[in-house]
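The values are calculated or read from the model by the stated rules, or taken from the named source; none is laboratory data. Computed from a predicted structure; not experimentally measured. Glycine gets a Cβ as well: all are built from the backbone with ideal geometry, and neighbour counts include every protein chain shown.
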């Protein structure tokens, strides 16, 4: 008996390989995030290297703890870049665009927004010296050792600045001449505190101001 074999014709079937979330994050990293950060100057790029490394960790295995860590890191760097007066406006605009694209990518996939948007609040500062309005004094607002906002008091002793939510050191300073200075600082939390009153009674010497500044240079003028 002769054995025969029937040949069957198999139709080619194309199977679509579904991307994992980590694959999508990798695609976002290469096509969006990296494209943006290579355009920054070296000073700005160094801020973002650590953020990129945390995003890279999400491309191998995605979990919520790593995502939160990445978002916290990016939010802090985002705020730092926007606050840094030495960074040009074009770079600040670019980091805002990258933050927006990052949020859009993750929220479109059901995640919470990643980079915290900066909502600004108006700080109103009243300065009084020996019962009188302190005019033409420098008011500075510092975050992590950087001056992020500044103003001069008017004839009524008032100054106003706009800052985002956060913790700040705010100070009032004026050189009265003859080695006498007015200097006082306070720690504040925005938006819990938006009305600040300095009721200053005494002048200080230069060395006293420098000591209070914790070794930071004496502010001669706030731009």
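Assorted remarks:
- Residue among 49, 97 that is without any contact (Cβ under 8 Å) to a residue 60 or more places away in the chain, loosely packed, with under 15 Cβ neighbours inside 10 Å and not assigned by TED's automatic domain parsing to the domain that holds residue 162: 49
- For first residues located in segment 67-91 and farther than 22 Å from residue 57 by Cβ, partners that are surrounded by fewer than 18 Cβ atoms within 10 Å (Cβ to Cβ) and modelled with pLDDT of 95 or more and lie 6+ apart or on another chain with Cβ distances below 6 Å do not occur.
- Tallying residues that are more than 17 Å from residue 191 (Cα to Cα) and part of a strand (DSSP E or B) within segment 141-156 yields 5.
- Of the residues making up segment 157-195, those that are surrounded by fewer than 13 Cβ atoms within 10 Å (Cβ to Cβ), free of Cβ contacts under 8 Å to residues at least 24 places away in the same chain and either in contact with a strand residue (DSSP E or B) (Cβ under 8 Å, 6 or more places away or on another chain) or not in a strand (DSSP E or B) (or both) are 178, 187, 189, 192.
- Residues located in segment 100-125, provided they are crowded, with 17+ Cβ neighbours inside 10 Å and more than 30 Å from residue 186 (Cβ to Cβ): 102, 103, 105, 106, 114
- Note on segment 203-214: among residues that are in a loop (DSSP other than H, G, I, E, B) and surrounded by 11 or more Cβ atoms within 10 Å (Cβ to Cβ), the one that is modelled with the lowest pLDDT is 213.
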